[in-house]
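Below you'll find the structure, written out as structure tokens, and then a few comments.
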Amino acid sequence: MREIPILKNKVFLYLTEFFAGTSVMAVELGASRLLAPYFSSSQIVWTIIIGTIMIAMALGNIYGGRSADKNPDPDRLYGRIMIAAVWIAAIPVAGKYIILAISALLIFTVSTGFLIWAAFAACMVIFVFPLFLLGTVTPSLAKYSVDSLEDSGRVVGTLGAFNTIGSIIGTFVPTFLSIPAVGTSVTFLIFAGILLALALLYFASGRRGAAKSIAASILFLLCCLLGRSDSFAFWEDGLTYEGESIYNYLQVKETERSVILSTNVLFGVQSMLMKEGGLTGMYYDYAMAAPLMTGREEPKDCKVLILGMGTGTYAHQCRNYYGGMEIEGVEIDEKITALAHEYFKLPEDVPVTTYDGRAYLNAVDGKYDVIMVDAYQDITIPFQMSSVEFFTSVREHLNEDGVMVVNMNMRGSREGNINQRLADTIAAVFGEVYTVDVAGSTNRELFASDNPEMSANLAHRQSALDDADLAAMMEKVADNLTPYEAGGYIMTDDKAPVELLGMQMIDELIRDEVAYYKRIYEERGVQGVIDAL
């Protein structure tokens, strides 16, 4: 093996190991944020990310060890680090386009598990190669670091420690510092720059590899110029706001009538503000029936808790139509709360606690007349807010004739679907459960209480409402309210497969949405789809 002066300094080798570990974890966390706006950040997507990265690292370990034994030239290792750095820097430039290209291809060829297969394919194409290259670092450095068998254990142990410490740093820095501060794209560029700096320092120390160093530096600079955009919905024009928080991708856009918040570029509206007041035409309108179902004679006297406050759509609607009722909200993402005040006119006298909804119930003793449960993680329900234990806690925080209203956003026909399991679980806790389907959407509103008069209260009070639009809406809810016949699908803290069930429902939704274009594709090919669009 050729003598390389910088390699005699084991600190440099340990730093290489440290930053390789840091970069692997940073790329893994960046991968989750790159995929989340398109495929969600569910446990299923995390499993795909972790699994593909472990495959890449394992193959890299095997190749790196064999390569180091066969040709122990450090130039090869640092050349691989340089390539990995440029590849990672290119992810902000090309990653979003690759994800959409893969999705467009698979949506016409995959019948089930679309999000799973699309996320897996995207991970394989975008992330496996650079992490395979970084997987070669540890066995290669062991070859260069061990001077004799007498100190091999100590040296290899120290390398492993530096890699582990780097991985720890690479876990916390993107999550709590770089992604919230500068976004996913710049986070990729930061860690790519660190890897490139290591490789450039190595080649500069031996005065070799000038051409490859210059080429890599130019490519990296181009990626910095082209990849700094934090826009995931790059096809959208005129977004009011687009950014990221610790928990979510966030998008605010305006129409002539409304301001809309979405946490996914493809699916769903999380919150809405009607600029000139009025009903939203969405599930929030149906949920307005809950205050009329309680034991309170006047809905304005209700005390309301909203778990999953979002930007406060339900709070706005209740205040607009029922007067100054006492409302408080719980929202885990404080950046959403900030957007609520900036873009959605959330009243300052509506307190919002930054907390997990279930943890909040465990921490307070208050009682409420209405508890609205509308908590979603991307496009799936948090499992801890779907169990019999959670709904028991909700019931304990309701007044004697209080009402819980739950937004269920994926109505389906399959036996044992997520909405059926949620409703069965709730029916195991509450004595009275009613559902109503939201027209023109896949949402279903569920109302639950131990008050047997809840439906009669709605029927009696909806006719006395002063606002004609709200009265018509409540009449529609009352006419379509259906007593729920409970089954045996009970979800518990130990077993609540909401993410897998959610993925199944999304598959159904996607199949329904693309059926028309799929027929065109089968008959006329890609050009036919383009013409139809």
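Coordinate-derived values only; no laboratory data. Because the structure is predicted, anything quoted here is derived from the model rather than measured. So basically every Cβ, Gly included, is an ideal-geometry build from the backbone, and we count neighbours across all protein chains shown.
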Other residues with Cβ under 12 Å from the Cβ of P174 give, with Lys and Arg +1 and Asp and Glu -1, a net charge of -1
Can you tell me the Rg and the Dmax, both Å, for the Cα atoms in the range 280-496?
-> 16.0, 47
Could you pull out the pairs from K96/K345; K253/K303; K253/K275; K8/K70 whose alpha carbons sit more than 24 Å apart here?
-> K96/K345; K253/K303
Using mean Cβ contacts within 10 Å as the protection proxy, how do 186-193, 302-309, 466-473, 492-499 order, highest first?
-> 302-309, 186-193, 492-499, 466-473
Could you give the Stokes-Einstein D for the range 186-329 in µm² per second, using the C-alpha Kirkwood radius, 20 °C, 1.002 mPa s?
-> 110
Per-selection metrics, the range 11-82 (Cα): Rg and Dmax in Å | 15.0, 43
Helical segments meeting 30 Å axial Cα length and Kyte-Doolittle 0.0 threshold in the chain (DSSP H) = 10-39, 43-70, 74-106, 152-173, 184-205
What is the Cα radius of gyration of the range 7-127 over 2.2 N^0.38 Å, N being its residue count?
-> 1.23
Kindly provide the pair-distance distribution of the chain built from C-alpha pairs, with 20 Å bins from 0 and whole-percent values in order of increasing distance.
-> 20, 45, 26, 8, 0
In the range 5-226, with Lys and Arg counted as +1 and Asp and Glu as -1 at Cβ, which of these residues, G170, L13, A204, has the Cα nearest the positive end of the dipole, that is, farthest along it?
-> A204
Report, in debye and to the nearest 20, how large the dipole of the range 158-311 comes out about its Cα centre when Lys and Arg carry +1 and Asp and Glu carry -1 on their Cβ.
-> 920
Geometric extent, Cα atoms of the range 5-226 - Rg, Dmax (angstrom) = 17.8, 59
